[in-house]
Structures are given as C-alpha cells and as structure tokens.
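The values are calculated or read from the model by the stated rules, or taken from the named source; none is laboratory data. Here the structure is a predicted model, which means the values were calculated and not measured. All Cβ positions, glycine included, derive from the backbone under ideal geometry; neighbour counts span all protein chains shown.
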Number of protein chains: 2
Amino acid sequence: MPAPLRIGLAGLGTVGIGVIEIIQNHAEMIAMRAGRPIIITAISARDPKRDRGIDLSGFAWEDDPVALARRDDVDILVEVMGGHEGAARAATEAALEAGKDVVTANKALLAHYGQALAEKAEAAGCTIRFEAAVAGGIPIIKSLTEGLAGNSIRRVMGVMNGTCNYILTRMEDAGLPYEMVFEEARALGYLEADPNLDVGGIDASHKLSLLSSIAFGTKVAFDGIEMEGIGAISVDDIQRAGDMGYRIKLLGVAQMTGRGLEQRMTPCLVPQDSPLGQLSGGTNMVVVEGDAVGQIVLRGAGAGRGPTASAVMGDVIDLARGIRTPVFGIPATKLAETVSAHSAAPSAWYLRIRLVDKPGALAKVATKLGDAGVSINRMRQYGHSDGDAPVLIVTHKATRDDILTAMAAARATNVVVGEPVALRIEDV
Amino acid sequence: MPAPLRIGLAGLGTVGIGVIEIIQNHAEMIAMRAGRPIIITAISARDPKRDRGIDLSGFAWEDDPVALARRDDVDILVEVMGGHEGAARAATEAALEAGKDVVTANKALLAHYGQALAEKAEAAGCTIRFEAAVAGGIPIIKSLTEGLAGNSIRRVMGVMNGTCNYILTRMEDAGLPYEMVFEEARALGYLEADPNLDVGGIDASHKLSLLSSIAFGTKVAFDGIEMEGIGAISVDDIQRAGDMGYRIKLLGVAQMTGRGLEQRMTPCLVPQDSPLGQLSGGTNMVVVEGDAVGQIVLRGAGAGRGPTASAVMGDVIDLARGIRTPVFGIPATKLAETVSAHSAAPSAWYLRIRLVDKPGALAKVATKLGDAGVSINRMRQYGHSDGDAPVLIVTHKATRDDILTAMAAARATNVVVGEPVALRIEDV
C-alpha cells in the first residue's frame, strides 16, 4: 500500500475533534477507500491544556498553526479553526506556499480571500477543498463542481443557516415573537458569538458566495450579495403567509441574469408543499437547477461535529486518492469578473401594510402601487381592533426596484402606519 | 490545452442524443471545467438510417459497438444501449480489454455482471463509471463513493423507479384502481416493454444492488434482494394508510445487520410528512444514513434525456479530469462476499385482513397474532356492507418471519376472507 497521507490538523474545536474521531474509529475502512492510510501527525490549537475528552498524546503539538503547516511530516493542512483573518489565513497561505493542499471548513476566509487563495494554490500546483464550509454534511460542493459539471446552472438556492431556520420554525410552531425565540436560541448555544453572523444572514451569504462562484464560473463576490436578516419577521407574517400557503425562509438565491450575477440572501416566501417549504428546524437544503438535469435537491444537517467532520473527511479522502480539481471548478485565473445585478429577476411579492382606519385608505395605497407598475394578484384585509387595519397583498411579478418605489410612495401618503414589510415570493 | 478526450458513443436512443446535445451545446464550458476538450469521434446504434432529429454526419459510424470500442480514435466508451447481455456487455468488455474506461447507464448489466466487469476493469488499470445507472440525474453514486466516504453507512433507502411512484401517486390523487392507472401509464409510454421491470421492482432492485455494494463494500448481490412489486396495492390500502398518516412507496432499503446484508425492494408505508412521504409523481429520492453525517436526502429526476445525459457527462468530465476511482469505491478484489439476510431488521407492519361477520372473529385473529409474537399497536375496524369486515392493524416491531407465521395462522382459521395484506412501515 502507498505511503500514508499525513494531516496537520489546525483547530481542536468540535469539528477538529470530530475529524480525529473519524480517523481513529475508521482507519481501516478509510485506508481501503482512499487506497492508502490517512493519519494525523501534528495538531495545533489555542490552548494545549484544555481537556477535550480525547487522547491527543499521539500527535505532535504546535502552538503556531503556521509552523504546523510547514512541518515536514505534514502533507496536507486541515484548517478548522475559523476566523477569516489572522491564524487561519496565515496557516492556509503557509501550507500553499509549501506546496501543500488545504482542506478547510472556513467559509468566511474563502468568501473574503477565496480568489487570491485559489490563485496561490493553483500556481503552486495544489488545491483548496471546502465541502465542510457550505451546508455542513451535504455534499453540495462536490455535486456542483463534479456531478453536475455537464450542466449550465440556471439557479442555486439554499437554506444554509440552521439557526435561522430553527428560529423561524419555532416562531411558527410556538407562536412566539422573534425576540423571545432569539433568546431561546442564544441560551441553547445555537448562536455565534456575534449573532448577526447568523440572523443577519452573513454566515449564509458567505456560503452562497462560494456556491455562486462554482455555479457560474465567476470570482467570489461576497460584497455583491443583497443581504437582509430575519429580525424584521413577525409571527403575524409567518401565520398570514401560512394562510396563503407559504412558509418564510431565509433563502439564498444566485442566478445569472441578462444584467449580471444576482445574489441575494433574504427572507422569502416559498410554497409550503415545496421541498424548501417543508424544511423545518436546523436542517439545511440546497436546490440546484441545471439546464440538463432539471432540479436537484440536497438535504441534511448543516452543522455539528459529525456532519462537518464527514465533509472534511470526504475532501481528505479525495486528496488521498489523488483527486485534485481547481478550487472553484475551473482554474482561478479563468474565473470571470463578477458583474453584480441587484434583484434583476422579477418575482411576486408579499406586502404587509398597516392602514389607518379611514374610508379610501386602501384605494389610495392601491393607486400608488399601480402607479409604480405593481399589480395586485391577491389581497386580504384583516380585522382591526386597535384602529389600524393590516392589509396583505400578493403582487404579480415585479422587480425589487418597482416594489421599493411603490412602498416609498405608499409611505408618503397619510394612510400608512409604521413600516410596511415586503418579502419576495420565490418561485421554487 | 491537453489533447481532447475522445468518446465512442454506443447507443443513440434518448440518452445518447442527450449526450450529443450537451457536448455540442456546451463545448467551451465543458473544456474549461474538464481542463481539456471532450469530443465524440464515433457512434454506433442499431439503425443507421433512422432520423434522430440531429446531424450525425460529423461522427464516424460503426454498425458493431465492439468495433466502436476498439477504434484507435476512441479513448473511452459511453455505453447507453441498455440490455444486460449481447452487444452492451460485449462492447463494455472490448473497451476494458483495450484498456479504455467505460461510462454506462446500464443498471441491468452491472447488477448481473458488475463484479466480473469491475475486476476486469481494475486489472486493466481502468474503471467503469455508472452515475446514470442509478436515480437518473441525482449524483448519488458520487456522493456515496466520494463525498460520504468518511462514513460507515448504516442504511441506504430509495424511491428509484419513477413509474411506480407515478402510479401510486395517481392512484392516491384520482382514487383509481391499480389496473386502470397501469393502463394509463402504458398509454403514456412510462412503462418498459416488459412492464414487470418497473412494477415488479426489478429495475429499482438493479439500482439498489449497486448502491449496496458501494455503501457496504460488498459484491453486487442482485439475487439477494427481497423483491415485491406494487401490483397488490389497492386504493383502499393507499387511503387507509393515508388516514393513519402514511403513504405507500415502492421503497428500496439496504442495511447491514448482525446476520448479513439486508436488501429489499417492497411497497412500504412511510410517514406522510417525511421527505420520502412527500415525494410525488415521477421524481426519485435516495436517503443515505451515515454514522457521522446523519441523514442525507437527495432528490431529482430519475429518468429522461436531460437528467440521464447530465449524469453521463458528470462521469465523462471526471475521466477527462483524470479522476478514476475503483468501480465500487474500493478495489473489486477487496469487496466482501455478500451474506444475504432476508428482512432481519424488525419493523412495525400494516396489516389488512378481511374477516367474516361473526362474533369472535377479531378475537380469533388477534390471538393468532399474539401466538406468533406479533403485538398490536393500533387497530381500526371499518364498516362492512358486503358481509365482510376489513380490519386494519398496525403492529409493534416484528420481523418478517413473525408476520408471515402470524398471517399463515390467521388464514388457517375460518374467519379470514381472501388474502391478507402485510406492508412494512419503514422507520424513516
């Protein structure tokens, strides 16, 4: 049997320990599948003393992950520290400079520096694999880069932040307001230290930017994503969307339009009986639409020790087998400059507007919508106990610009109370 | 750019034409992704004269696919003729003997001769790729062999025959009996020339046998599959299962048990609100359970020109990139002999028994079930207009042997009318 593939493991958090467990528990199975043994020779983490519930005495220790990446007895770097600056970036660069492949779970690093890192990797004849960075255990990077490589991709969609989907599902099931479920999620440890990474859509947008690059052969353009978190969603919205046959999801969508690459991560309504609409709790889902294959849906755990470590090991086994594709599917130097098009594709919209209880109020707003080119498909007016009357409107297809114009015009009347809500209804 | 990968295409049915279309429409995109051009140099089919709606004049023609496989200007054989004997087998063997990789959509060929062909391929230093053979456009072979390679697989399940799922969905939606929907499906061209391939579960079992081999590292054992078609399912069963929160699917299940590899392709009840239960129409779904990743669900079109050609092209692009893994994930010579265990795993069961309208009939049957070690979880007795009383029983977990014993004992009483129905309730 050929020589073992020797891993330097940077990061001993939940994912790092998961990787060690898989390699220890399945050494023989993995060697059979990879065609050679896979071993960990050296490790690095912030605190060498912390008890991680696992025997680490068999591995060489490095305080500095850069030194780890450079060790002679390390063939590839597995980077599961996280953070898009500092140690993670430095260790990744050090590994590539030493001609070593990198397997990473670090979506933020690649969302910010993916292009430069991919160019560096490919110039050195090596690669960066990042299955674990997107949608946890779901093999979406491999499916998109390899399995569906014969397709021109039309659209990629995904629910890729389990915490947001948990919060929205819990709001629906328990009828609890956002703020309360947010605190529950924090108490359960579901939220990042900076919760805005989750509920603001940043984490999910990191992932979407990587999918876009592979799907459309464009440079990673995290800054080109239209991003909106879930903080403005009310239980009312969820219930009323439900009445009309929809569920609200924080949905990432990337598609190539005539005006450029449209990427957005916003709360959207999707039909309750669609695969995306049926997704509840912390599970992730990615939907890929290709010109030949039609619609492919992948669903699974988007986070957690086992699923994320599974994705890391899929990449490691590929490298052990000698499978080494360009980082983003085509050589980094051939990725196209990204022209970002904000919300170019029209869609139906869900509008929630509170009106003062006066004759003609609704007519006034409807006129403003019409003037902006937004036509109404369905409308419901609810009872009003406190003087205001919430009106729900489902529009025919309209662009985001038209909707924003219409909302501004409606607000400028004297019949609208508070801030209207406009959510896209994604055609899935 | 390196030299093109030159395809010899055997078979110009719907899939073959789909492959030509993708290569013609996306030549540049594919060359970018594959790192080299992919071209078709020669083709073969039964009838050179038939108009296939596409210009074939640019390709060399071979009447004999074996001669095609041996041509000097052919690097790999794409076999999309079908049939598990004769030309498809001979052409595949000829290609392997000439040291050429083969991409095939032929599930029957691999289900019957996969082991011998894989050994032949690997001895010659080449491989056979067959993503298109299982679940159409869904990249399940790649996901299982590569993406999830770090997992010990616990169970693989799938709805992998779109025609059966169409028939069952249509029976449910329209309330039409099996025979009538079967004729509809035949008229629509959904059925194979030998319909038993579809409705008898043979086609889906071919696919399951390939998944089992990869998942469990065992030799393909098509003959070890417990197989039962959908012909005995009544609208009554579908509706009554629905009343209890279930849907009936022709479900393939493979799992490793203490007694050996259990493989079955039988009509099962699955919860309506599970991903499998929500699958309607001709769509396919495969569910993989791994020890690290948990449950991964893949869903997409299981047949048709585009989806199947997409899968073929994924394999072809892999080969052009130099990705060449063992046929069944580990070297064929290391695949374990398969010890088949029929229905070793216990489960709950749905039983439908018609009883004569006499006092004590139900007690008599319940006693027989109890004697066989089958305990009752839920029971419903329906009204009886024609003298017989249908009884529906959901059992606690029981093995298939216990159920068969109990059913035989019940039939041997004088209170059971006709043939009882026993369907497994799969825990998904």
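Going by the conditions given, is B:S44 at pLDDT below 95 and either of a type in the set (S, T, Y) or closer than 30 Å to A:A332 by Cα (or both)? First the steps, then the outcome.
Working: at pLDDT below 95: no; either of a type in the set (S, T, Y) or closer than 30 Å to A:A332 by Cα (or both): yes.
No, not satisfied.
Out of A:L197, A:L188, A:L176, report the one residue that is more than 22 Å from A:D427 (Cα to Cα), surrounded by fewer than 22 Cβ atoms within 10 Å (Cβ to Cβ) and within 13 Å of the chain's Cα centre (by Cα). Write out each step before concluding.
Working: A:L188 fails: within 13 Å of the chain's Cα centre (by Cα); A:L176 fails: within 13 Å of the chain's Cα centre (by Cα).
Step by step, each of A:L197, A:L188, A:L176 is checked, and only A:L197 is more than 22 Å from A:D427 (Cα to Cα), surrounded by fewer than 22 Cβ atoms within 10 Å (Cβ to Cβ) and within 13 Å of the chain's Cα centre (by Cα).
For segment A:346-428, list the strands (runs of 3 or more DSSP E) that sit wholly inside it and hold at least 1 residues that are outside the structural domain of A:V270 (by TED's automatic domain parsing) and within 29 Å of the chain's Cα centre (by Cα); which are they?
Values: elements: A:348-356, A:376-381, A:388-395, A:416-425.
Those strands (runs of 3 or more DSSP E) span A:348-356, A:388-395, A:416-425.
Among all residue pairs at least 6 apart or on different chains, which show Cβ distances below 7 Å where the first residue, located in segment B:21-43, is within 30 Å of B:D63 (Cβ to Cβ) and more than 12 Å from every other protein chain (Cβ to nearest Cβ) and the second is surrounded by 18 or more Cβ atoms within 10 Å (Cβ to Cβ) and of a type in the set (D, E)?
These pairs meet every condition: B:A42/B:E62.
For (1) among the aliphatic types (A, V, I, L, M); (2) in contact (Cβ under 8 Å) with a residue 40 or more places away in the chain; (3) on the phi < 0 side of the Ramachandran plot, each residue gets a yes or a no:
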| residue | (1), (2), (3) |
| --- | --- |
| B:R70 | no, no, yes |
| B:I76 | yes, yes, yes |
| B:R129 | no, yes, yes |
| B:A133 | yes, yes, yes |
| B:I141 | yes, yes, yes |
| B:R154 | no, yes, yes |
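Among the residues of segment B:341-382, which ones are hydroxyl-bearing (S, T, Y) and closer than 24 Å to B:P267 by Cα?
B:S343, B:S347, B:Y350, B:S375, B:Y382
Name the residues in segment B:134-190 that are among the small types (G, A, S), assigned to a helix (DSSP H, G or I) and either touching a strand residue (DSSP E or B) at 6+ places or on another chain (Cβ under 8 Å) or within 14 Å of chain A (Cβ to nearest Cβ) (or both), would you?
Step one: list which residues in segment B:134-190 are among the small types (G, A, S), which gives B:135-137, B:143, B:147, B:149-150, B:152, B:158, B:162, B:174-175, B:185, B:187, B:189.
Remaining after also requiring assigned to a helix (DSSP H, G or I): B:143, B:147, B:162, B:174, B:185, B:187.
Hits for segment B:134-190 are B:S143, B:G147, B:G162.
Criterion first (assigned to a helix (DSSP H, G or I) and either surrounded by fewer than 18 Cβ atoms within 10 Å (Cβ to Cβ) or outside the structural domain of B:E119 (by TED's automatic domain parsing) (or both)) does B:E28 satisfy it?
Numbers: assigned to a helix (DSSP H, G or I): yes; either surrounded by fewer than 18 Cβ atoms within 10 Å (Cβ to Cβ) or outside the structural domain of B:E119 (by TED's automatic domain parsing) (or both): yes.
Answer is yes for this residue.
Tell me the residue from B:A87, B:A111 that is away from chain A (no Cβ under 14 Å), in a helix (DSSP H, G or I), farther than 30 Å from B:V253 by Cα and not hydroxyl-bearing (S, T, Y), please.
Numbers: B:A111 fails: farther than 30 Å from B:V253 by Cα.
Residue meeting the stated conditions: B:A87.
Return the total of residues in segment B:52-61 being farther than 26 Å from A:N151 by Cα and either touching a residue at least 40 places away in the same chain (Cβ under 8 Å) or not in a strand (DSSP E or B) (or both).
Count: 0.
If A:N151 satisfies every condition in (1) within 30 Å of B:E21 (Cα to Cα); (2) polar (S, T, N, Q); (3) surrounded by fewer than 24 Cβ atoms within 10 Å (Cβ to Cβ) but one, which is the exception?
All conditions pass for A:N151, except number (3).
Is it the case, given these coordinates, that B:V78 is assigned to a loop (DSSP other than H, G, I, E, B) and surrounded by 18 or more Cβ atoms within 10 Å (Cβ to Cβ)? Walk me through how you get there before you give the answer.
Values: assigned to a loop (DSSP other than H, G, I, E, B): no; surrounded by 18 or more Cβ atoms within 10 Å (Cβ to Cβ): yes.
The answer is no for B:V78.
Here are A:A91, A:A95, A:A108, A:A132: which of them is surrounded by 24 or more Cβ atoms within 10 Å (Cβ to Cβ) and within 17 Å of A:S213 (Cβ to Cβ)?
Working: A:A91 fails: within 17 Å of A:S213 (Cβ to Cβ); A:A95 fails: within 17 Å of A:S213 (Cβ to Cβ); A:A108 fails: surrounded by 24 or more Cβ atoms within 10 Å (Cβ to Cβ).
Exactly one residue qualifies, and that residue is A:A132.
If I ask for residues that are facing another protein chain (nearest Cβ under 7 Å), touching a helix residue (DSSP H, G or I) at 6+ places or on another chain (Cβ under 7 Å) and under 21 Å from A:G329 (Cα atoms), which ones from segment B:316-341 would you list? Let's see the steps before the verdict.
Our first condition is that a residue be facing another protein chain (nearest Cβ under 7 Å); within segment B:316-341, this holds for B:317-318, B:321, B:323, B:325, B:329-330, B:334.
So of that shortlist, the ones also touching a helix residue (DSSP H, G or I) at 6+ places or on another chain (Cβ under 7 Å) come out as B:317-318, B:321, B:325, B:329-330, B:334.
Within segment B:316-341, B:I317, B:D318, B:R321, B:T325 meet the criteria.
For the list (1) touching a helix residue (DSSP H, G or I) at 6+ places or on another chain (Cβ under 6 Å); (2) away from chain A (no Cβ under 14 Å); (3) crowded, with 17+ Cβ neighbours inside 10 Å; (4) not hydroxyl-bearing (S, T, Y), I need the number of the one condition that B:R400 fails.
The failed condition is (1).
Those residues that are farther than 18 Å from B:K107 by Cβ, among the small types (G, A, S) and surrounded by fewer than 24 Cβ atoms within 10 Å (Cβ to Cβ), I need them from segment B:269-312; list them, please.
Within segment B:269-312, B:S274, B:G277, B:S280, B:G281, B:G294, B:G306 qualify.
Go through segment B:18-38 residue by residue and tally those that are more than 14 Å from A:G150 (Cβ to Cβ) and aliphatic (A, V, I, L, M).
0
All but one of (1) without any contact (Cβ under 8 Å) to a residue 40 or more places away in the chain; (2) buried (at least 21 other Cβ atoms within 10 Å of the Cβ) hold for B:G383, so report the exception by its number.
Answer for B:G383: the failing condition is (2).
Among residues belonging to segment B:251-279 that are more than 11 Å from chain A (Cβ to nearest Cβ) and among the charged types (D, E, K, R), point out the one that is farthest from B:L208 (Cα to Cα).
Filtering first and then ranking leaves B:R259.
Scan segment B:299-315 residue by residue and report those that are more than 7 Å from chain A (Cβ to nearest Cβ) and of a type outside the set (D, E, K, R). Can you show your working first?
Step one: list which residues in segment B:299-315 are more than 7 Å from chain A (Cβ to nearest Cβ), which gives B:302-305, B:308, B:311-312, B:315.
Within segment B:299-315, B:G302, B:A303, B:G304, B:T308, B:A311, B:V312 meet the criteria.
Taking segment A:191-239 as the region of interest, how many residues are out of contact with any Cys (no Cβ under 9 Å at 6 or more places or on another chain) and part of a loop (DSSP other than H, G, I, E, B)?
Of the residues in that region, 16 qualify.
Is there a residue being within 24 Å of A:E85 (Cβ to Cβ) and more than 14 Å from the chain's Cα centre (by Cα) anywhere in segment A:153-168? First the steps, then the outcome.
Of the residues in segment A:153-168, the ones within 24 Å of A:E85 (Cβ to Cβ) are A:160-161, A:163.
Subsequent filtering for residues that are more than 14 Å from the chain's Cα centre (by Cα) retains none.
Checked against the condition, which is being within 24 Å of A:E85 (Cβ to Cβ) and more than 14 Å from the chain's Cα centre (by Cα), segment A:153-168 yields no hits at all.
Between a residue in segment B:114-126 that is acidic (D, E) and any residue that is in a helix (DSSP H, G or I), which pairs come within a Cβ distance under 8 Å, given they are 6 or more apart or on different chains?
Every condition considered, the pairs that remain are B:E119/B:A332; B:E119/B:T333; B:E122/B:A332; B:E122/B:T333.
Go through segment B:156-178 and report how many residues are aromatic (F, W, Y) and at positive phi.
As a first pass, look at segment B:156-178 and keep what is aromatic (F, W, Y): B:166, B:178.
Checking the rest, the ones that are also at positive phi come to none.
Looking only at that region, the number is 0.
Being within 7 Å of chain A (Cβ to nearest Cβ) and hydrophobic (A, V, I, L, M, F, W, C) is the filter; apply it to segment B:280-298 and report the residue that is farthest from A:T14 (Cα to Cα).
To start, the set of residues in segment B:280-298 that are within 7 Å of chain A (Cβ to nearest Cβ) comprises B:290, B:292-298.
When the remaining residues are screened for being hydrophobic (A, V, I, L, M, F, W, C), the result is B:292-293, B:296-298.
Numbers: B:A292: 13, B:V293: 14, B:I296: 20, B:V297: 24, B:L298: 26 Å.
So, considering only residues that are within 7 Å of chain A (Cβ to nearest Cβ) and hydrophobic (A, V, I, L, M, F, W, C), the one farthest from A:T14 (Cα to Cα) is B:L298.
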